[in-house]
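Peer 1: The structure is given below, and queries will be raised subsequently.
The values are calculated or read from the model by the stated rules, or taken from the named source; none is laboratory data. Values in this document were obtained by computation on a predicted structure and should not be read as measured data. No Cβ is skipped: glycine too gets one built from the backbone with ideal geometry, and neighbour counts run over all protein chains shown.
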Amino acid sequence: MHPEQPTARNGQPDLRDLTPDQLREYVVGLGLPTKRGRQIFARLHRPGVLDFSQLGISREVTAQLASHATMSSLTPATVEKSADTTEKFAFRLADGAMIESVLIPEDGRHTLCISSQVGCAMGCGFCLTGGQGFTRNLRPAEIVNQVLAVMTHMLANGIKRATPRELLNNLVFMGMGEPLANYDNLLAALTILMDDHGLGFSERRITVSTCGIVPRMDDLGRDIRVNLAVSLHAADDAVRSSLMPVNKTHGLESLLAACRRYPLGKKKVILFEYIMLKGINDSLDDARLLAEKLQSIPSRINLLPYNGSGDTGYACPDEAQTLAFQKVLREAGFNTFIRQSRGADISAACGQLAGKG
């Protein structure tokens with residue numbers, strides 16, 4: 001049995017757990033007009049707002065909210081900065097658990113990598129997060145508060161934009177945990193983050209990554225519009241199952257069928273992530289098999305040279321092999337990029353997040 005999620009103080013609702021519709025219903029239940037719900041939602045989701053007194057509403061309503069509800073926030077326990085300017089934030093949650101988020105600046109743009117769980121139950125052999133096991137799911141507020149906390153940090157460090165939303169160009173659910181294994185809370189958090197009365201992130205600015213939980217991929221495509229990334233890492237079932245236990249439940253045929261079903265807008269693609277592991281999945285035959293498997297799926301492929309996180313026994317192929325692998329895929333017509341790890345010197349690169357603070 002896994003520990004249950006913590007409840008807010010005294011069992012009172014955390015307003016940052018609530019979607020816009022839920023918050024409006026809650027406010028009406030307190031005897032306040034519906035328009036108050038819209039106003040409160042908008043002000044709740046501003047960076048730097050840490051308690052009810054900062055909402056900028058009447059003292060009477062502030063007191064009423066404070067007596068019936070809570071408003072959680074996150075403050076970094078530590079912030080580490082890489083030589084390449086990547087920043088890693090460790091957040092201590094109310095129950096003492098630790099999670100990490102990563103801010104990646106590039107060419108004046110900022111991408112935030114968000115965690116969705118404390119730990120991860122997927123057990124991928126090359127991933128340090130998976131090696132620490134699973135503790136619990138994050139509540140919607142704990143997901144949204146990562147975004148607000150990093151925005152607050154950016155403002156405090158002199159980064160200015162016309163609106164808070166413009167502080168972050170992209171949100172990627174590629175941090176600790178498997179987002180689709182925390183589906184209901186993920187969906188609530190996405191609804192909050194994308195609402196126009198709040199931060200207003202558009203679908204093209206949010207990417208949800210999965211190791212391949214097929215039924216939830218179908219749910220995601222039905223319930224909300226966001227970009228999809230799939231952690232593939234092998235084009236052969238036996239190899240993928242040895243790397244990623246999820247493949248024993250949802251094999252490649254099932255996974256790629258779900259990718260073909262996933263609703264994509266015009267000019268949209270599915271991002272396939274492929275960690276290059278020397279002698280395991282990096283041969284030119286592997287590249288040709290990958291090209292064959294991904295035929296008819298609008299795709300972009302990111303090749304990720306293994307960053308050597310932890311004592312896993314895996315190694316990174318040399319650059320020449322990675323370039324030859326990329327060439328096979330490009331000649332087969334796939335947009336294929338070699339993505340350099342960011343933040344490896346502070347354990348902020350892919351597969352290195354472990355919530356140690």
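Peer 1: Return the pairs, sorted by first residue and then second, in which the second residue is part of a helix (DSSP H, G or I) and at pLDDT 95 or above, the first residue lies in segment 196-220 and is within 22 Å of ARG38 (Cβ to Cβ) and aliphatic (A, V, I, L, M), the beta carbons are less than 6 Å apart, and the residues are 6+ apart or on different chains.
Peer 2: From segment 196-220, the pairs are LEU199/LEU193.
Peer 1: Taking the residues in segment 110-160 that are at pLDDT below 95 and assigned to a helix (DSSP H, G or I) as candidates, determine which candidate is nearest to the chain's Cα centre (by Cα).
Peer 2: Of everything passing the filter in segment 110-160, THR129 is nearest to the chain's Cα centre (by Cα).
Peer 1: For the structure I just gave you, tell me whether LEU220 is under 14 Å from SER115 (Cα atoms) and either surrounded by 18 or more Cβ atoms within 10 Å (Cβ to Cβ) or not assigned by TED's automatic domain parsing to the domain that holds MET151 (or both).
Peer 2: For LEU220, the condition - under 14 Å from SER115 (Cα atoms) and either surrounded by 18 or more Cβ atoms within 10 Å (Cβ to Cβ) or not assigned by TED's automatic domain parsing to the domain that holds MET151 (or both) - is not met.
Peer 1: Next up: Within segment 1-29, track down each residue that is assigned to a loop (DSSP other than H, G, I, E, B) and modelled with pLDDT under 95.
Peer 2: Residues satisfying the conditions are MET1, HIS2, PRO3, GLU4, GLN5, PRO6, THR7, ALA8, GLN12.
Peer 1: Next question. In segment 192-221, which residue that is among the hydrophobic types (A, V, I, L, M, F, W, C) and not in a helix (DSSP H, G or I) is nearest to PRO164 (Cα to Cα)?
Peer 2: Checking each candidate, the answer is LEU199.
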